[in-house]
Amino acid sequence: MRGLRKRYGRRTALAGVDVTLAPGELVGLLGPNGAGKSTFVKIVCGLVRATGGQARVYGVRAGSVGARRHLGYLAETFRYPGWATADELLRLHQRLAGSDGGAQERAALLERVGLPDASRLRVDEMSKGMQQRLGLAQALVGRPRLLLLDEPTSALDPLGRRLVRDLLGEVRAAGTTVLLNSHLLSEVELICDRVVIIRAGVVVTEGAPHDLVRPRGVHVETDRGSRVIPGVGRADVPAMVARLVADGEQVFAITPLQSTLEDVYLEAVGGDTS
């Protein structure tokens, strides 16, 4: 994506976004509501046309037939026909994606998302979490090279979220690029190689989670009590312990502290948590 812009009338959703996704990379797309995240994803899918700039998928224009052949997509808000069974839904998406995987692919996908016995279950008989897992299965039809996921774990319990984390790790290891739009910062911090934070239609922070966080001092437990000593990094700990001991303190524990991705996010969006 280069100089990507999108306006809806007088409202600017994207104001010149530059982002590159590398093959086999899992990237978290973060930002408050209205920041432009869903518009960004929909432009890559071809569901929304950009006002300016360009988006290309494996060398071809986003939204073209050639680009869509590489994509798997799960929207944040989706609704499948209630009368359709899981098997019927996946069969339809195989036809749409041009997949020749047949019944074997459908069964394997349901197994991967934790629905091994749901092939004959109708959508309206499924819980919201089961429907979300089914949506993830349809996004994986045809083994897409680029997987776009918009809040894929919002309706899942902790076990379901862990299953999705494991699954995303598998598809990334197989070379698939994943763009994950999520508000669950703890999930993003666990699984993403890189995060892109958008605010008001522009990228305000980008980088690997471990590179964005920073030291916040150390928590010290001694015979004189517990306290936090700011401005001390991990490399400074040996010298600090030596000083404490020289001052007559018995040191029981030293815990380095660092900011979390949530801290980085809140600083980047300026407290905008809408």
Requested in this report: Go through segment 142-160 and give me each residue that's buried (at least 19 other Cβ atoms within 10 Å of the Cβ), in contact with an Asp or Glu (Cβ under 7 Å, 6 or more places away or on another chain) and either among the polar types (S, T, N, Q) or in a loop (DSSP other than H, G, I, E, B) (or both).
Outcome: Thr153
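On the given criteria, is Gly63 surrounded by 13 or more Cβ atoms within 10 Å (Cβ to Cβ), free of Cβ contacts under 8 Å to residues at least 24 places away in the same chain, on the phi > 0 side of the Ramachandran plot and not hydrophobic (A, V, I, L, M, F, W, C)?
Taking the combined requirement at face value, the residue satisfies it.
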Requested in this report: Examine segment 175-191 for a residue that is modelled with pLDDT of 90 or more, more than 23 Å from Gly31 (Cα to Cα), loosely packed, with under 14 Cβ neighbours inside 10 Å and out of contact with any Leu (no Cβ under 7 Å at 6 or more places or on another chain), and state whether such a residue exists.
Outcome: yes
Query raised in the report: Within segment 5-60, can you find the residues that are within 22 Å of Tyr265 (Cβ to Cβ), among the hydroxyl-bearing types (Ser, Thr, Tyr) and loosely packed, with under 14 Cβ neighbours inside 10 Å?
Result: Thr20
**Report entry** Residue satisfying all of: in segment 109-141; touching a Phe, Trp or Tyr at 6+ places or on another chain (Cβ under 9 Å) and in a helix (DSSP H, G or I); nearest to Val60 (Cα to Cα) among these
**Finding:** Ala139
Report summary line: Gly169 fails exactly one of (1) at positive phi; (2) out of contact with any strand residue (DSSP E or B) (no Cβ under 7 Å at 6 or more places or on another chain), namely (1)
Query raised in the report: Scanning for something of a type in the set (D, E, K, R) and without any contact (Cβ under 8 Å) to a residue 24 or more places away in the chain, does segment 215-232 turn up at least one residue?
Result: yes
Report task. Restricting attention to segment 218-267, report how many residues are at pLDDT 85 or above and among the small types (Gly, Ala, Ser). Result -> 7
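The values are calculated or read from the model by the stated rules, or taken from the named source; none is laboratory data. Keep in mind it's a predicted model, so treat the numbers as computed, not measured. We place every Cβ from the backbone using ideal geometry, glycine too, and count neighbours over all the protein chains shown.
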